[in-house]
Amino acid sequence: MNPYGYPTKELKEKEMPNRVVVGTQWGDEGKGKIVDILTEEADIVARFSGGANAGHTVVIDDQTFILHLIPTGILHPDKICVIGNGVVVDLEHLFYELDELRKRNITFQDRLLVSQSAHLVMPYHKVIERLEEEARGRNKIAPTGKGIGPAYRDKIARCGIRVIDIFNQNLFKQRVEWNLKTQNDFLKKLSRKELISLKKESLDVSKFRRRIKPFVSDTGLFLNEATKEGKNILFEGAQGALLDIDFGTYPFCTSSNTTVGAVCTGLGVPPTCIDEVIGVTKAYTTRVGNGPLLTEQQNEVGRLLQKGGNEFGATTGRPRRCGWLDLVILRYSFRINGITKIALTKLDVLDLFDKIKVCVGYKYKNKLMTEFTPDLSILENCKPVYEELPGWQKETHGITDFKDLPDKAKKYLDYITEKLEIPIFLISTGSKRDQIIFL
Ligand code: GDP
Ligand code: IMO
Ligand code: MG
């Protein structure tokens, strides 16, 4: 152990790894399912970024759960779940989600911790987001409508309200009033009556004070103490690398860091406590909302992917745009995240195709680009360069043993591993818990 209780390299080699699970594309890769499976081997599941914009689906027998703000680990009755300081918390939504879980006999007493330093998503954030989006005209970002952007904006502008601030009635009231006054520019479309009602609704958030109290904690300290006791943590990422505020397709991205660095800043743990970074990668590409998606197929292929993969947003129900796998963005996202293992999902959705294309580069002004660029004016004028592989046209849905996969499906997996130079350790062949192949 080092003086702060984090294990040294030698000690770590003997223990269960602390794993990070991140999305490597534009979100909705199937992180929920993978986190659910890996939770078996963890003591604690911790969310480090995003908020209720996430929608993580877990299918257990005939029951479907979609977790938004609460870590997916909550579905395992003996695991502790942490909502870290990097998450933006909508208290109304949190209690709604907890009530829904309670109705389905999922208990969470004494095993959910919410960081005292996490920022709150306030009712005015959602209204501001809507008005701002309306004003964007043709340049709409199409956010999830959960107030995420304005909440992170206030955090950075140092006028946000943290969970802990709800217990200081004066400070809470002052901040609400200040924010409504200074953000008037966004709110000027509202009538006086609507403004009064928004102010009341925002001040009313303090009513959750008593209910939230038992969950509030110094989660950074808790994780440190747990590590000292030899407990193992699974870090649950939200969104995907291309939605990262720094590395994504800015401004068509979310407002937080979704990549591995956010584990440390969003939970208060050092990088040395991360042992493995698992990149959840869909066997093709999807995105919800606006922004570049170079391999998008606005044709029969896209329709088949959408139908076969049931590609509708888990949070908003919007149809997801679909296209072929893009190795340019994957190599970029693997580099930023330091991915050590791939969890490949939705292989079964490709069962139908006689040919499968994979994008290996972009053509820009007759030159081949193999690195991602954040310059959208270039991206918009790039054309994907594809390699074509034969489809297997046999059912892989539900297969649990690697040797039962068709040879051509194995070839597709080999091809991906070779191109990305990272091993696949898990293949998902359906939405259910047991529809999985461990390699
Ligand atoms: P997340 O946000 O990354 O957790 O992903 P979502 O839950 O938003 O979307 C993934 C969707 O694909 C969900 O409906 C899952 O139930 C489903 N899913 C996950 N893995 C597989 C798979 O291997 N095959 C199929 N057909 N569906 C899957
Ligand atoms: P999970 O964790 C897919 C997208 C939105 C929008 C953009 C900005 O389920 O993978 P925001 O509300 O964050 O300001 O929206 O980001 N987006 C997601 N897309 N999966 C998600 O989360 C997403 N969270 C945000 O559609 O384009
Ligand atoms: Mg999702």
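Quick check on my filter: what residues within the range 269-316 are at positive phi and within 16 Å of ligand 1 (Cβ to nearest atom)? Walk me through it before giving the result.
Here is the first cut: in the range 269-316, the residues at positive phi are 289, 291, 310.
Scanning the range 269-316 gives Gly289, Asn310.
Does any residue of the range 393-410 turn out to be surrounded by 18 or more Cβ atoms within 10 Å (Cβ to Cβ), part of a strand (DSSP E or B) and among the small types (Gly, Ala, Ser)?
Looking only at the range 393-410, we keep the residues that are surrounded by 18 or more Cβ atoms within 10 Å (Cβ to Cβ), and these are 396, 399, 405, 409.
With the extra rule that they be part of a strand (DSSP E or B), the set shrinks to none.
No, the range 393-410 has no match at all.
Filter the range 257-267 for residues that are more than 12 Å from ligand 1 (Cβ to nearest atom), touching a Leu at 6+ places or on another chain (Cβ under 7 Å) and part of a loop (DSSP other than H, G, I, E, B) and give the result. Steps first, please.
Quick first cut of the range 257-267, residues more than 12 Å from ligand 1 (Cβ to nearest atom) only: 257, 259-267.
Right, trim to touching a Leu at 6+ places or on another chain (Cβ under 7 Å) and you get 267.
Residues satisfying the conditions do not exist here.
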Hits in the range 79-99 (condition: closer than 13 Å to Phe235 by Cβ and either surrounded by fewer than 19 Cβ atoms within 10 Å (Cβ to Cβ) or not hydrophobic (A, V, I, L, M, F, W, C) (or both)): Gly84, Gly86
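Look at the range 296-309 and say how many of its residues are of a type in the set (S, T, N, Q) and touching a helix residue (DSSP H, G or I) at 6+ places or on another chain (Cβ under 9 Å).
Going through the range 296-309, the residues of a type in the set (S, T, N, Q) turn out to be 297-299, 306.
Adding the requirement that they be touching a helix residue (DSSP H, G or I) at 6+ places or on another chain (Cβ under 9 Å) leaves 297.
Adding up the residues that qualify gives 1.
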Which residues, counting only those in the range 26-65, are under 10 Å from the mean Cα position of the chain (by Cα), farther than 18 Å from Ile80 by Cα and within 11 Å of ligand 1 (Cβ to nearest atom)? Trp26, Gly27, Asp28, Glu29, Gly30, Lys31, Gly50, Asn53, Ala54, Gly55
Helices (runs of 4 or more DSSP H) wholly inside the range 1-118 containing at least 3 residues that are free of Cβ contacts under 8 Å to residues at least 60 places away in the same chain and closer than 16 Å to Phe215 by Cβ: 91-103
Evaluate the following for Asp354: is it charged (D, E, K, R), more than 16 Å from ligand 3 (Cβ to nearest atom), in contact (Cβ under 8 Å) with a residue 12 or more places away in the chain and closer than 20 Å to Tyr386 by Cα? yes
Test set (1) in contact with a helix residue (DSSP H, G or I) (Cβ under 7 Å, 6 or more places away or on another chain); (2) under 22 Å from Thr315 (Cβ atoms); (3) not in a helix (DSSP H, G or I) - Cys159 fails condition number: (2)
Restricting attention to the range 296-319, which residues are at pLDDT 95 or above, surrounded by fewer than 22 Cβ atoms within 10 Å (Cβ to Cβ) and not small (Gly, Ala, Ser)? Glu296, Gln297, Gln298, Asn299, Glu300, Val301, Arg303, Leu304, Gln306, Lys307, Asn310
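Only one residue in His125, His76, His119, His68 is of a type outside the set (A, V, I, L, M), within 16 Å of ligand 3 (Cβ to nearest atom) and on the phi < 0 side of the Ramachandran plot, so which one is that?
Details: His125 fails: within 16 Å of ligand 3 (Cβ to nearest atom); His76 fails: within 16 Å of ligand 3 (Cβ to nearest atom); His119 fails: within 16 Å of ligand 3 (Cβ to nearest atom).
When all the criteria are applied, what remains is His68.
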I'm checking my understanding of the structure. Among residues of the range 212-248 that are surrounded by fewer than 21 Cβ atoms within 10 Å (Cβ to Cβ) and within 30 Å of Leu294 (Cα to Cα), which one is nearest to ligand 3 (Cβ to nearest atom)? Ile245
For Phe353, work out the one condition from (1) assigned to a strand (DSSP E or B); (2) over 24 Å from Gly279 (Cα atoms); (3) aromatic (Phe, Trp, Tyr) it doesn't fulfil. (1)
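The values are calculated or read from the model by the stated rules, or taken from the named source; none is laboratory data. Quick caveat, the model's predicted, so the values are computed rather than measured. Every residue, glycine as well, gets a Cβ built from its backbone with ideal geometry; the counts of neighbours run over all protein chains shown.
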